[in-house]
Amino acid sequence: MPLVTLNEILPQARAERRAVCAFNVVNCESAKAALMAAEAEDQPVILQVFHRLFGDDKARYVGALVRDLADHSDLPVVLHLDHGQTIEHVKMAVEYGFTSAMFDGSKLPLAENIAQTRTAAQIAHEGGLTIEAEIGHIPTTATEDLPLSTPEEAAEFADATNVDALAVAIGTAHGFYKSAPIIHTDLARRISEKVAIPLVLHGGSDTPEDKVREAIACGFAKLNIATEFFNVFLEQVVRESENRGDSFIPIDLFMNPVTDAMAAFAATKVRMAAGTDT
Ligand SMILES: [Zn+2]
């Protein structure tokens with residue numbers, strides 16, 4: 001079926017206290033693996049492209065690949081820009097046929113984040129895309145002093161910007177943790193009481209599973225997974241290289257078990273997010 005937007009899948013997921021996985025995809029193998037996992041579990045899925053890939057032609061052709069995979073699937077699939085840094089990135093997402101975009105102004109002062117996110121939301125909506133934004137910066141590596149979102153700021157931000165989904169900081173960080181993170185699920189609950197739109201959990205990799213489940217129960221309906229998913233790729237490539245030894249193997253055949261390993265990993269996250277594994 002044709003690609004869908006966040007609004008076709010996330011409000012219902014939030015109402016049903018489940019989440020939809022958003023996998024970062026960069027190539028044929030990662031895109032195919034994420035979709036294979038969603039199909040195996042019969043769940044909707046978000047395939048997202050990080051803003052760095054908008055710096056050359058990768059976002060355009062990965063987007064075209066995702067669109068083709070979705071057209072040949074019966075599942076609802078969203079094609080989403082992850083961590084768009086500029087209004088220009090949002091315009092490129094519209095041009096490339098994405099159905100959703102994130103504008104991340106979380107490093108800006110609040111008033112400036114609100115102003116720029118409003119503009120991004122207007123451009124996205126005019127192009128038929130949904131928009132995600134972020135308040136309270138979610139860092140790249142966990143530090144002692146994690147900036148957290150407040151319920152009041154989150155509610156003000158959602159009202160003022162007209163966004164469709166909101167990433168809030170509750171203690172998660174991007175990448176692998178150096179020590180166990182403190183995930184503030186009490187804060188997640190208080191934010192969800194004030195903000196009606198679906199919330200987004202960034203830094204879903206390596207976060208304790210019980211905390212992720214608690215966040216999902218509090219209205220986090222989009223669960224971002226990048227680091228762990230990519231790590232499966234890297235580790236499986238090493239394994240396949242060792243298996244190959246000195247013998248030649250065509251790259252498509254070499255990559256098949258890599259794709260399968262990524263799909264198997266992704267399926268565990270899809271089941272957890274959907275609550276079908278308990
Ligand atoms: Zn993120």
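Every read-out reported here was derived from the displayed coordinates using simple, explicitly stated rules and does not represent laboratory data. Quick caveat, the model's predicted, so the values are computed rather than measured. Don't worry about glycine lacking a Cβ; one is built from the backbone with ideal geometry, like all the others, and counts go over all protein chains shown.
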Practice task
Work out the FRET efficiency for Leu108 and Asp277 from their Cβ-Cβ distance, taking R0 = 45 Å, and round it to the nearest 0.05.
Solution key: 0.70
Exercise for the section: Counting only C-alpha contacts under 8 Å and six or more residues apart, can you give the relative contact order of the chain as a whole percent? Expected result: 22
Exercise for the section: Sort Ser205, Ser241, Ser179 so that the residue with the fewest other Cβ atoms within 10 Å of its own Cβ comes first and the one with the most comes last. Expected result: Ser179, Ser241, Ser205
Completion exercise
Filtered pair list for the chain (Lys only, Cα < 20 Å, 8 or more apart or interchain) has a length of 9
Practice task
Name the residue farthest towards the positive end of the dipole of segment 6-274 from the options Gln236, Leu223, Pro76, assuming +1 on Cβ of Lys and Arg, -1 on Cβ of Asp and Glu, about the Cα centre.
Solution key: Leu223
Handout entry: Footprinting exposure proxy for His80, His174, His125 (fewest neighbouring C-beta atoms within 10 Å first)
Key = His125, His174, His80
Handout entry: Computed magnitude of the charge dipole of segment 6-274 (debye, nearest 20; Cβ of K, R +1, Cβ of D, E -1)
Key = 240
Handout entry: In degrees, nearest ten, helix 251-274 long axis to first principal axis of the chain (Cα)
Key = 40
Practice task
Add +1 for every Lys or Arg and -1 for every Asp or Glu among the other residues with Cβ under 9 Å from the Cβ of Met102, and state the total.
Solution key: -4
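Counting Lys +1, Arg +1, Asp -1, Glu -1, what net charge surrounds Cys21 among other residues with beta carbon under 10 Å of its beta carbon? Show your work: numbers first, answer last.
On the way: positive: Lys222, Lys269, Arg271; negative: Glu41.
Result for the neighbourhood of Cys21: +2.
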Completion exercise
Other residues with Cβ under 15 Å from the Cβ of Ala217 give, with Lys and Arg +1 and Asp and Glu -1, a net charge of +1
Problem - Rounded to whole Hz, the Karplus (6.51, -1.76, 1.60) HN-Hα couplings of segment 33-40, x for glycine and proline - result: 5, 4, 5, 4, 5, 4, 5, 4
Practice task
Please name which of Ile135, Ala124, Phe103 has its Cα lying farthest along the dipole of segment 70-143 towards the positive end, using unit charges on Cβ (Lys, Arg +1; Asp, Glu -1) and the Cα centre as origin.
Solution key: Ile135
Fill in the blank from the handout: Asserting the computed 222 nm helical MRE of the chain (DSSP H runs at least 4 long, -39500 (n - 2.57) per run, divided by residue count, to nearest 500) equals -15000 deg cm²/dmol
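Under 8 Å for C-alpha pairs, at least 6 residues apart: give me the relative contact order for segment 45-88, rounded to a whole percent.
Across segment 45-88, relative contact order equals 60 percent.
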Problem - Additional length obtainable on full extension of the chain from Arg17 to Glu95, 0.36 nm per residue less Cα span - result: 24.8 nm
Fill in the blank from the handout: With Rh as the Kirkwood radius over Cα pairs, the chain has Rg/Rh of 0.96
Handout entry: Cα centre as origin, Lys/Arg/Asp/Glu Cβ charges: segment 7-166 dipole, Debye
Key = 240
Practice task
Mind listing the long-range amide H neighbours of Val4? Cut-off is under 5 Å, sequence gap 5 or more, other chains count too, H placed in the peptide plane at 1.01 Å from N.
Solution key: Val77, Val78, Leu79
Practice task
Grab the Cα-Cα distance for Asp68 and Glu193, subtract it from 0.36 nm times how many residues apart they are, and report the gain in nm with one decimal.
Solution key: 41.1 nm
